[in-house]
1. Taking a threshold of 32 Å on the Cα-Cα distance, which of the pairs A:LYS154/A:LYS270; A:LYS326/C:LYS285; B:LYS69/C:LYS53; B:LYS264/C:LYS156; A:LYS318/A:LYS362 fall above it?
2. When a footprinting reagent is the concern and you count Cβ atoms within 10 Å, what order do A:GLU63, A:GLU449, A:GLU462 take, fewest first?
3. Excluding residues fewer than 8 places away in the same chain, name every one of the aspartates and glutamates whose C-alpha is closer than 14 Å to that of D:LYS157.
4. Could you tell me what percent of the DSSP beta bridges with both partners in the protein assembly as shown are antiparallel, to the nearest 5?
5. Along Cα→Cβ, 7 Å out, is where each label goes; now give me the distance between the ones at C:ALA36 and A:MET205 in nm to one decimal.
6. Using every pair of alpha-carbon atoms in chain A, split the distances into 10 Å bins beginning at 0 and state the percent of pairs per bin, rounded to integers.
7. Just to verify a number: FRET efficiency for D:LYS203 and D:ASN103, C-beta to C-beta distance, R0 = 41 Å, to 0.05?
8. Please give the per residue volume of the convex hull enclosing the alpha carbon atoms of the stretch A:345-418, rounded to a whole number of Å³.
Amino acid sequence: MDEYRLRMIDITKTFPGVKALDKVQLSVRPGTVHALIGENGAGKSTLMKCLYGLYRQDSGTIEIDGKQVEISSPNEALKLGISMIQQELAPIPYMNIVNNIWAGRMEKKGIIIDDALMLKKTQKLLSELEFNISPKTIAGTLSVSQLQAVEIAKAVSYDSKIIVMDEPTSSLTDAETEHLFKIIKRLKSEGRSIIYISHKLEEIMEIADEITVMRDGHYVMKSSIRDITIDGLINLMVGRKMEDRFPPNEHIVKEEISLEVQNFTSVNPKSFRNINFSVRKGEILGIGGLVGAQRTELVESIFGLRPIADGKLVKYGKEIHNANPKEAIKNGFAMLTEERRATGIIPMLSVFDNTMAVSYKKLCGNKIGLIDNKRLQKYVDQVVSNLNVKTPSTKTPIENLSGGNQQKVLICRWLLANSDILILDEPTRGIDVGAKYEIYKIMRKLTSEGKSIIMVSSEMPELIGISDRIMVMCEGRQTGMLEASAATQEQVMSFATTSSKTSRKSR
Amino acid sequence: DSEANMESADNIPINATVIWRAFDDQFQSGFRIIMQQQADSMGGINLEMQDGENSVTTAVNKLDTALTKGTDILAICAPDRESCETMAQKADAEGVPVIFFNMQPLDDTMNKYNDAYYIGAEASQSGEMCAQALINYWNDNKDIADKNGDGKLQICILQGETGQQDVTLRTQAYEDTLKKNGIDYEILASDTANWDQSQALDKMNTWITAYGIDGVEGVLSNNDSMAMGALQACLNNGYNQGDKGKFVPIVGIDANIDALEAMKKGELLGTVLNDRKNQSIAIINAMKAIVAGEEITEDTIGVECTVDGKYVWVPYVIVDSDNLDDTLAQIQSISSDTETEAN
Amino acid sequence: MNSINRKKKLNEVLLDNALIIALFAMIIGIIIIDPAFFQWRVVTDILTQSAVKLICAIGLMFTLLLGGTDLAGGRQVGLAAVVCASLAQDVTYSNRFWPNLPNLPIIVPILITLGLVACIGLINGLMITKLHMAPFIATYGMASAVYGINQLYFAKKPNNSQPIGGIKNSLTVLSRFKIGGQISIMVVIAFAILLFTWFVLNKTTFGRNIYIVGGNAEAAKVSGISVTKITIACFVIESILVGFAGILEVARTGGANSSYGNAYEFDAITSCVIGGVSLSGGIGKVSGALIGVMIFTFISYGLSFIGLNSNWQLVIKGVIICTSVALDMRKNAKK
Amino acid sequence: MNSINRKKKLNEVLLDNALIIALFAMIIGIIIIDPAFFQWRVVTDILTQSAVKLICAIGLMFTLLLGGTDLAGGRQVGLAAVVCASLAQDVTYSNRFWPNLPNLPIIVPILITLGLVACIGLINGLMITKLHMAPFIATYGMASAVYGINQLYFAKKPNNSQPIGGIKNSLTVLSRFKIGGQISIMVVIAFAILLFTWFVLNKTTFGRNIYIVGGNAEAAKVSGISVTKITIACFVIESILVGFAGILEVARTGGANSSYGNAYEFDAITSCVIGGVSLSGGIGKVSGALIGVMIFTFISYGLSFIGLNSNWQLVIKGVIICTSVALDMRKNAKK
Ligand SMILES: Nc1ncnc2c1ncn2[C@@H]1O[C@H](COP(=O)(O)OP(=O)(O)OP(=O)(O)O)[C@@H](O)[C@H]1O
Ligand SMILES: Nc1ncnc2c1ncn2[C@@H]1O[C@H](COP(=O)(O)OP(=O)(O)OP(=O)(O)O)[C@@H](O)[C@H]1O
Ligand SMILES: OC[C@H]1O[C@@H](O)[C@H](O)[C@@H](O)[C@H]1O
Ligand SMILES: [Mg+2]
Ligand SMILES: [Mg+2]
């Protein structure tokens, strides 16, 4: 019996214009959690897609338990005992959670599908993971966070010897992450191998046994977690030293209030109600809470994407109405949405178009909207290099960029819009430490210019590290407002879970 | 005025159902409207018009519907002649007499059901006349007709929608007639333009380029729409505008108004009149007679025709310089009738 | 709040069932215009006239559920009709398509025909899965090719594009024989197919996988479902069903010509959509297809019955398609 | 490694240009069969015969870029043709559609016609945006309605569904007048429209927004682009273009009847797709539409030129559609 459960040797994969993987190595022991880390675009997902049969490597071999294997489809991967949580979640929208989880391996009585049995098994599965979602819920109506929970449940439910998790916690809050870790430990004890991809280095330190570091499609090194520190990790990834995770906060918050949100109440009774808060000039207001806290609903409603039953917006003292995003943008709002795939990127269009989407009219510099590419190229190149987006060129279709780099492009889009109130829903989801730092710097720069930022984040360190004040929500209600400088994770959590017990029962 | 007629008819009007191959076809819908006009002005009969939508199935459906609803007599222009069998059979089963028109059933169908009749022309006749018109031009204008002087008649044939009865029979008839008249001919090209004017225009234009406009010594078209398309192609090449030497003889079928106008201008050589007015009158009278149990004779039919048993022949008429004006007048009268009616 | 809700509910109920309501209104209307419409035979007529359409609709539904479509559906009906008819003529018939063909048991032509269309379905499936072609365009190309081939075959000597007749009794009986002198065998066949399809779609893994692939092919693939297999299977099934519809057309009309089945796929697709099948895949019930087809047949039957000019029928058909689908969208929007 | 790359490149280059190569092969082939094909006039013929088709293709492209389609395109060509012709007859012509119509300057009928089709486009746009209907089905319903209306108008007394002739010179001149005795004015018009569209799509915000909406409507909405406005605009533009195509058909053929334009939308869509326009929206160049149309016209022209029977043309057309699109997909797949 080989000491390694899995070995990927000299894996090379090229896409037109990009060499995504160049002779990459990966060796994973049984019963261990193996972290795979690297900057956005380093090639982590691509490597795993080769393992899962979604891509075919140009060269290189894969061995499982010492035997060389050819994996040309997920079907074969599953047969070989490999399961994977995708980075880009893709549910079967019109079907309920049960079918989403058992797709491809339905339980049957004879030739007839046994829905009852699958329902039972699903309930068991979900409760083990302490995700309280009804198994009958239609996947299309789930929040990203809920979806991720389902994906985890699914990956776990295959009893496979290798489980790949590509950024499983990118939209989970710490509480849910804790559940996940419990599971992972159990799986480990059962002798399974977990390949764990994440940009949240604390998690890595907590859960991983070994790590492999990648940079720009190259294998950098492999090490046991014991012999390494977070800072060590960081400069292995970015290839340089990073003193701080967050740029210093010069506390440039002005007295002047830029936006007042008064008594905001959703038309959907299950969603947020009576929300009151204000943001000052130069302030970053964080919004924290658990999944389903309705933060996204709230901010999307402020931006005019969802109808409200009641409430008003006052900007610099005068009431405004964001009937729809167009209005909102006119009123100087910007909104980086939570669901990059669904409401962010325009897949087949170039990085250029994706960056200009909001600003063509504004920047073309004439009434009729004639476009002079040279003129616009300047703007695009500037933002794209500011956030140093990894892309062959600004003509590349955005769908060919790595997850994190797509996110950066979307931020570029809103930077060009140059609004004075920015709403960022999970702005650094799936973004590497280096890039995160750049984004934080940009947020600070924007506030120093007197702009205000409302940031929904499920990442405690980020929430506390970058916000000036933190509003906490729980099940649609506003449960607390904290000065970030004084706030602790415990405080935030306690507000985030207020009354959740009671209401759980009431569900 | 139809009201008036009905009262004058001492017995209540008979109910007849007419099933057409296709409303969505100029010739057919023209025919339909003419028949309706005649019925209105003659009185004593109510026509219910049904659309076969160029599909045997639909035609059969419409027949079923009519039989369910109940009708005194049927007149059917079937989508194809085979389907007449099924329809005759269904009608026979319900004891409803049926007159086929414009689409001649097979003889054994006609023989099998004794309450089945046919009113119209010999389908292939239109093709024969069409060819005949060209042959006459060829013989009468030896000097200019044989442009390339090889003694051979080079022709192009424009066909309607492949598989349709008229197309097959007409196209067949062209050749039979040319052979029968001992004409030494050569078919440069023969292809479908789906009864369509602009498709015919493009096809003809292509052939003109391919064989040279003087290489084409005659065009036989399954209908007038396509003939007009072919004509447009010649006009665009500066032909058929009066100069006898620069003339491509084109013959169509239907005697559509625009075709007749073109003939009058000397642009189109000829067309064949499928006498929709007289056929309509014949059909209406026949229906009345059959329902009344009278036997069918030349005078019960009331238009020029030859009756032989269950067949009433209202032949096609070749339109040439002699009868052009009358035909034109007749076709125009179709409209003017309604003008008077409209007012 | 509550009262508002109740108000909402009432007119929502009305709107949700607008189609049914409109239908009944029409029935009443027609009966008033012509009481003869109120008879059992009208029902059997409508059922009989629906049978073939229903089979086509079910066939197309298999492709729609995948988010696909088959624009060659109608032409396959035509090809099947011509091929089957050409092989199922009475040996005694005067002008036979294959003059020297021995007397074959009726099952032979049927199997040959179905085999042929199955191949077409297979090719469609391969183009869509292996060559990643959009179904719309792949099947449109196929439609052109199939029609051309049909024409060429139909034009073969000695037939020379003459309509094919003289069909064997053993085939035509399907349309003439009526159970209890009332319900045509074709209706029974159609409903049998309907039930079987319902079972496959709702009770078997294959059926469930169709919905999964149609809902999100990527997710299906990641879940180890062979999108290729499912897709090809659906297109083959669809072809076999429309091919069978073509055979029934021959049985019904006692003949065939190459223009048979023209544009059937559109009526089929529209019926499905009216019945709530989504063109983007993943959503749709057989019951929907049934309702859609019934509405369609009813309208054309009813309007012909009262002798409404078919040009007006076209207009009305258009309006009905749009309004009914619009209403349906409303429901989805709510969800 | 490098050598491999080079090898790859060679046959990739071959495959990527397979269409062009095939095209040239055909040209050579045809010239061998009939040397007469090698003449300037053939080029002008093909251009002239492409003009109307090109305008339709450009029109449909506006809807395809949104991920939509307009199955009523062809029927709008027909309606435009009949309406325009009925208003543009010589006063001297013996049997006029409107016997008492005064002699109108040609621009009047043209504007009336375009206004009419613009309304149809507007309705299509509203159905799709406000009622959230799938374009496929909404426009299919519209096709039925438009055709019905056209038939009813065409059957109006005194015309009684007789073909409309006697068109004014001021209109027919468009087809007869040739620049330098060679290039028909219609070709010039078509190419003018082509250039203008290129400009709009690539050099204006409106144009870019079309791609953005087609690429991801949700994202467009979040970016403050009015999906509704863009969609409606595209459908109106498309209708106006196909309507104009109908007017040119009248000019070309010197007449009109209600069956004009039947199924033009399909050739248009197919041409676009062959030219690389994606049916799911967001992808496509005008140059693509041009190439697609040219290939089509060339094929049907070339094959008629050597007198190949239309049934074969259908088969070949089908094969070409499938192979060319498959090749195109290959390119996308590589990305
Ligand atoms: N389908 C594709 N076509 C072309 N290039 C691709 C494709 N998928 C990935 N790439 C490129 O391959 C490189 C690696 O992408 P990958 O998604 O593996 O990065 P990653 O390590 O997962 O980054 P992230 O942490 O942001 O997910 C990137 O440069 C990306 O642009
Ligand atoms: N019932 C629902 N129907 C449709 N979409 C929903 C529904 N519930 C939640 N969503 C979607 O889920 C997303 C997040 O929902 P919610 O606001 O409840 O979670 P959250 O508090 O934002 O947590 P997170 O920020 O982690 O998503 C939103 O984008 C919303 O569109
Ligand atoms: O089916 C359509 C054809 O029907 C024929 O009878 C007529 O002569 C042709 O002009 C064409 O209309
Ligand atoms: Mg990744
Ligand atoms: Mg959220």
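No lab work stands behind these numbers, since they all come straight from the coordinates. Just so we're clear, the structure is a prediction, and the values are computed from it rather than from any experiment. Heads up, the Cβs are rebuilt from the backbone with ideal geometry, glycines too, and the neighbour counts pull from every protein chain shown.
1. Flagged as over cut-off: A:LYS326/C:LYS285; B:LYS264/C:LYS156.
2. So the ranking, lowest neighbour count to highest, is A:GLU449, A:GLU63, A:GLU462.
3. B:ASP337, B:GLU339, B:GLU341
4. Percentage antiparallel, nearest 5: 45.
5. About 9.1 nm, to one decimal.
6. Cα pair-distance distribution for chain A, in percent: 4, 18, 29, 27, 16, 6, 1, 0.
7. Here the calculated transfer efficiency is 0.50.
8. Here the figure is 77 Å³ per residue.
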